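Each reported figure results from applying straightforward, stated rules to the coordinates on display, with no laboratory input. Since we're looking at a predicted model, the values are computed, not measured. Using ideal geometry, Cβ is built from the backbone for each residue, glycine included, and neighbour counts are taken over all protein chains shown.
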Amino acid sequence: MGTPFRLACLDMAGTTVTDDGAVQDAFAAAIATTGIEAPSARFDRAAAYVHETMGQSKIDVFTALLDGDRAAAERANAAFEAAYATSIGAGRVSPMPGADAAMDELAARGIKICLTTGFAPATRDALLAALGWQARADLVLAPADSDRGRPYPDMILSAVIALRIDDVRSVVVVGDTTNDLLAGRRAGAGLIVGVLTGAHDKDQLSSVAGSTVIDSIAELPALLFDESDPPGGSRPRPTGP
């Protein structure tokens with residue numbers, strides 16, 4: 001039967017939230033503030049690095065991109081957050097199709113939900129407000145709420161502690177980037193699931209050992225539960241890497 005799942009750690013942008021490319025646009029706006037001009041080979045390298053590191057804390061990405069110049073990274077991060085906030089205000093964000101129904105079913109089966117993000121807390125909160133999701137999850141975490149962002153396991157382990165989960169194997173982690181999945185693997189989660197609605201493709205997601213890849217968050221309940229499972233139960237369907 002396996003260990004019943006008790007907590008689902010779900011990424012936001014690209015997994016439970018669709019934003020019409022707003023993240024990529026915000027990154028482009030942020031890179032422009034660093035003096036890296038487009039089109040140029042340097043800009044292309046920066047864009048490739050941003051894509052590779054999707055899912056990580058944004059301030060960490062900019063710090064690495066700018067060779068450790070923290071002040072410049074903070075300016076770039078502020079530009080990113082401002083650009084994304086503009087997209088939120090313009091109505092470019094909405095729940096990923098099937099996300100609300102999937103989370104409703106998880107909650108009905110007694111599974112706690114933690115939404116995770118690489119955004120700063122202020123952007124996270126604005127996004128939740130725009131979606132009407134202030135009460136959607138049991139917990140919502142940004143990198144600033146724990147010691148480190150993805151691919152480190154800190155946010156997931158913080159959720160385990162905060163929500164009083166007694167076994168990390170009862171955690172399922174879902175995200176659209178390899179960094180989401182690496183965080184789940186490093187935390188010791190019982191199941192790590194990649195979705196194809198965001199930054200990384202099937203080959204990239206499958207490169208994380210032990211991962212399962214599905215088309216979207218809408219398929220998560222079918223992955224976890226047999227049709228015969230009662231709504232109050234949480235018996236996981238056996239899954240492989």
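Annotations for the structure displayed:
- Fraction of beta bridges assigned by DSSP in the chain that are antiparallel (%, nearest 5): 10
- Helix 22-32 axis, angle to the chain major axis (alpha carbon atoms, nearest 10°): 30
- Proximal charge balance of ALA183 [Cβ under 11 Å; K/R count +1, D/E count -1]: +1
- Net charge over other residues, Cβ less than 15 angstrom from the Cβ of ALA48 (K, R count +1; D, E count -1): -1
- Trypsin sites (Lys or Arg not before Pro) restricted to DSSP loop in the stretch 113-216 with at most 13 other C-beta within 10 Å: ARG164
- Relative to the dominant Cα principal axis of the chain, helix 41-52 is inclined by about 20°.
- Sites ALA108 and GLN134 - FRET efficiency at Förster radius 22 Å, r taken between beta-carbons, to 0.05: 0.65
- Charge context of SER87, other residues only, Cβ under 10 angstrom, K/R +1, D/E -1: -2
- Rough spin-label spacing in nm, given labels placed 7 Å along Cα→Cβ, for ASP203 and ASP166: 4.5
- Between SER146, ALA129, LEU10, the Cα set farthest toward the positive side of the dipole of the chain (charges on each charged residue's Cβ, about the Cα centre) is that of SER146.
- Each Lys and Arg contributes +1 and each Asp and Glu -1, all at the Cβ; summed about the Cα centre of the stretch 22-89, the dipole is approximately 40 debye.
- Mean projected area of the convex hull spanned by the Cα atoms of the chain, taken over all viewing directions: 12.3 nm².
- At R0 = 41 Å, FRET efficiency that the Cβ-Cβ distance of ALA78 and ASP226 yields, to 0.05: 0.30
- Angle of helix 178-187 to the longest C-alpha principal axis of the chain, folded into 0 to 90 degrees and rounded to 10: 50°.
- Principal axis dimensions, the stretch 22-89 - Cα atoms, whole angstrom, descending: 32, 25, 21
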